[in-house]
Amino acid sequence: MYLYVYEPREAARRALLDRLRGSALQPVTVEETFFGSDLTRLNRKGSDTRAILIGATPRALALIRAIRKQGCQNPLLVLPGQALGDGDPARLLDAGADDVLSPRADGAEIASRINAINRRIYGHAAESVTVGEVEAFFDGRDPEVSGERVRLSRREHAIFQHLVLSANRVVSRAAIYDAVYGMDDDQPFDKVIDVYICKLRKKLSTAAASGHQYIETVYGRGYKFSAADQKAATIAAE
């Protein structure tokens with residue numbers, strides 16, 4: 001799970017990144033310019049839904065207001081500074097933060113809180129979602145197909161989760177690309193998504209008792225994740 005991290009103080013940034021290591025999170029550090037032109041580009045794409053974590057900076061309140069004023073709806077979490085008063089967490093939440101973390105929150109807790117926010121955004125209450133023989137977990141675990149674990153690489157998992165969260169809806173290749181690579185400096189050609197999709201299809205169909213591939217190509221539009229019976233129902237309706 002990818003996460004944008006803003007912490008302007010170098011020592012604090014290193015300490016924060018150390019806390020995130022070993023968790024399901026893949027932090028991407030950003031500078032203050034991220035909240036200007038980069039955030040505008042992020043909003044224009046609309047498909048990069050990575051969470052944003054703001055460190056313990058006195059400018060947190062102003063940054064939150066600026067982010068939400070630009071229409072950015074990405075999950076937004078804040079680590080409060082020790083100098084904040086008792087009323088400040090409420091002000092941060094009222095300004096648009098989705099969660100104000102404990103100063104001692106580790107990577108596992110932060111990942112769980114992001115998962116909880118994403119579940120609400122996509123309308124899922126449970127810790128997992130089931131599509132046909134596939135059970136996908138929101139805590140970073142590999143999916144289970146027909147009761148057996150299917151091991152996925154980091155990129156495969158990011159694509160898989162993005163498709164499952166939008167199950168039965170067409171997701172464009174551009175949206176998948178943005179969800180996986182976002183604002184990364186090192187971005188490959190978008191055709192790489194097709195390669196990962198092929199790998200995912202093979203893994204899912206091999207593990208599925210039905211042999212169903214689950215990921216359908218909707219030509220000219222993108223991809224759709226659906227169970228075999230749902231695909232058949234769609235064809236019959238057409």
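A few remarks follow.
- Those helices (runs of 4 or more DSSP H) lying entirely in region 135-227 with at least 1 residues touching a residue at least 24 places away in the same chain (Cβ under 8 Å), of a type in the set (A, V, I, L, M, F, W, C) and in contact with an Asp or Glu (Cβ under 6 Å, 6 or more places away or on another chain): 192-207
- Of the candidates P89, P103, the single residue that is touching a Pro at 6+ places or on another chain (Cβ under 9 Å) and modelled with pLDDT of 85 or more is P89.
- From D185, D194, residue being within 30 Å of L39 (Cβ to Cβ), modelled with pLDDT under 85 and not assigned by TED's automatic domain parsing to the domain that holds T49: D185
- All of E133, E127 fail the test of being over 23 Å from V218 (Cα atoms) and touching a strand residue (DSSP E or B) at 6+ places or on another chain (Cβ under 7 Å), apart from E127.
- Region 143-183, residues that are under 13 Å from L200 (Cα atoms) and loosely packed, with under 15 Cβ neighbours inside 10 Å: R151, S153, R154
- Selection within region 122-142: residues that are of a type in the set (S, T, Y) and modelled with pLDDT of 85 or more. The member of this set that is surrounded by the most Cβ atoms within 10 Å (Cβ to Cβ) is S128.
The values are calculated or read from the model by the stated rules, or taken from the named source; none is laboratory data. Since the structure is predicted, the reported quantities are computational estimates derived from the model, not experimental observations. Quick reminder, even Gly has a Cβ in these numbers, built from the backbone with ideal geometry, and neighbours come from all protein chains shown.
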